[in-house]
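Just so you know, all these numbers are worked out from the coordinates, no wet-lab data involved. Bear in mind that the values here come from a model prediction, so they are computed numbers and not experimental data. No Cβ is skipped: glycine too gets one built from the backbone with ideal geometry, and neighbour counts run over all protein chains shown.
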Number of protein chains: 2
Amino acid sequence: MTTRRVNLNTESADNYLKAVFALGGPEEERVSSTALADRLGVAPASVTNMLQKLATSPVPFVEYESRRGVRLSAAGRRRALEILRHHRLLETFLYEVLGYPIEEVHDEAERLEHFISERFEERIDAKLGRPKFDPHGHCIPALSGKMSKQTSRPLSDIEEDGEFVVDSISDQDSVLLKRLNAHGVTPGARLHVLRLSQEEFVLRAGGRFKPLQLPLSGAGAVRIRPND
Amino acid sequence: MTTRRVNLNTESADNYLKAVFALGGPEEERVSSTALADRLGVAPASVTNMLQKLATSPVPFVEYESRRGVRLSAAGRRRALEILRHHRLLETFLYEVLGYPIEEVHDEAERLEHFISERFEERIDAKLGRPKFDPHGHCIPALSGKMSKQTSRPLSDIEEDGEFVVDSISDQDSVLLKRLNAHGVTPGARLHVLRLSQEEFVLRAGGRFKPLQLPLSGAGAVRIRPND
DNA sequence: CTAACTATTTAGGCATACCTAATTAAGTCC
DNA sequence: GGACTTAATTAGGTATGCCTAAATAGTTAG
Ligand SMILES: [Mn+2]
Ligand SMILES: [Mn+2]
Ligand SMILES: [Mn+2]
Ligand SMILES: [Mn+2]
């Protein structure tokens, strides 16, 4: 019984590795099959299947022990960061050069990230002047694969009311993103925050922006850092 | 036995339709399975299979009679032109905005043409100022699907020596394309042509360009029109 | 008119990437 | 420690898009 070698240079493998990276968090903790199934919108059985392939490839992309979740191997991490770099450079490019509305960049980048060449990556990076952050405030991994750790925290974590600077905004929910943008909640903006209750927040950005009331889930999409 | 409906919104279907369009020529003649197999680099059996799917879809993309070749239906033609528009806009964009070398635009466009959104198409079209021609001199189909017929002829067809204007250059062979470019054979260039024999041509572009000797196959890649 | 050749189609498989249903392993609770 | 509950895996199947080999149709040559 010869083990046939499978091809893992696929869009699907890219997406699994990105998901493991995202869900593992800064500590790169093990990620469960169900969490991946949830995030990727596939059945848990499909996840198990792909994880087994990713783990048993000649160059393994994940460390996987049955029923104990996965974490990325060095090769898997490299691959995830490569795709993440494509994604964030594309978002920046679509926003800056092509004038996309902020809430539309993510979906387009999500598709194209798998199909651009290294040349395309290099050319848009050059055109943009080697940007360090995407339009959501997320750090763009370097070509070398290096990426600085986040020091910000979710707005939903604050105990005290006060004034903060917007670090970054999640790109996952385009409706929320559009609303936040319309209220001036953009990376670098100064923000007055009132926590009405465990569940409700009121934000006001500087300038002529109207205040905005957000539920806990919405506040979780905004990351902040101290005001200067 | 219910006929299950197949999904034909795929990269593969795109490529078959483009190939039928290209091989059908200006008269849109029927195209044979082997010609398609050759062009697409797949087995003839694979072509038959796809043509049957394209022909029997609820909205047929081709007219197909067994062993008599195919031609595009109205819907198939629309789809082929849509992808061709993506392709040529992308080539123009890569060349003009991202500074790609001319011989590299085709392969990148060939992949991306299937994955860009209508928004992306619109934005690069706008950025480029609604161009009518790609960097190879090929006409970019309008959004409406209208495209003017070619009036040029292949350089390989000339009977007389003389002076001509370069209309367009095939993007299929990147090595040849690079060489032609280096010798000033670019769309709009004025060209002195000598036909040495049935098989050999000598071209010289205006300016400080060196003359270039080409075999019949190379001359077939250049289309010309009369000098004003 | 039939044999031979060539083009095309049919039949049967394989790989990727999904799915559902059934099974098994791991915790939790009494 | 056995009964529940939940997470995860295995088993078996589907769709796309390709393949090779075998069969067949159409065409040309004697
Ligand atoms: Mn994004
Ligand atoms: Mn993706
Ligand atoms: Mn091209
Ligand atoms: Mn293509």
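Numerical summary
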quantity	calculated
Eligible lysines near A:K146 by straight Cα distance, threshold 27 Å, same-chain separation 8 or greater	A:K18, A:K53, A:K127, A:K132
Dipole in debye (nearest 20) - chain A, about Cα centre, beta carbon charges: Lys, Arg +1; Asp, Glu -1	580
GluC sites (Glu not before Pro) restricted to the range B:78-178 and DSSP loop, no more than 10 other C-beta within 10 Å	B:E159, B:E160
Number of partner chain Cβ atoms within 10 Å, mean per residue of A:94-105	2
Other protein chain Cβ atoms within 10 Å, averaged over every residue that makes up A:122-134	1
Length-normalised contact order of the range A:53-154 in % [C-alpha pairs under 8 Å, at least 6 apart]	24
Helix-only [θ]222 nm of chain A, DSSP H runs n ≥ 4, -39500 (n - 2.57) each, per residue, nearest 500	-12000 deg cm²/dmol
Peptide A:200-209 - average C-beta neighbours from other chains (10 Å radius)	0
Nearby aspartates and glutamates by direct alpha-carbon distance to A:K149 (threshold 14 angstrom, same-chain neighbours under 8 apart not counted)	A:E27, A:E28, A:D167
³J(HN,Hα), Karplus 6.51/-1.76/1.60, whole Hz, each residue of the range A:202-212, x for Gly, Pro	10, 10, 9, 8, x, x, 8, 7, 7, x, 9
GluC sites (Glu not before Pro) within the range B:24-70, DSSP loop, no more than 13 other Cβ atoms inside 10 Å	B:E27, B:E28, B:E29, B:E65
Prolate/oblate/rounded label for the range A:62-180 (Cα gyration tensor, a/c 1.5)	oblate
Neighbour-limited loop hits for trypsin sites (Lys or Arg not before Pro), the range B:66-119 (at most 14 other Cβ within 10 Å; DSSP other than H, G, I, E, B)	B:R67, B:R68
Proxy reagent accessibility, fewest Cβ within 10 Å first, across B:R204, B:R225	B:R225, B:R204
Neighbourhood charge, 13 Å Cβ-Cβ cut-off, centred on B:N227 and excluding it, Lys, Arg +1 and Asp, Glu -1	-3
Distance between the range B:99-145 and the range A:188-228 - C-alpha centres, whole angstrom	42
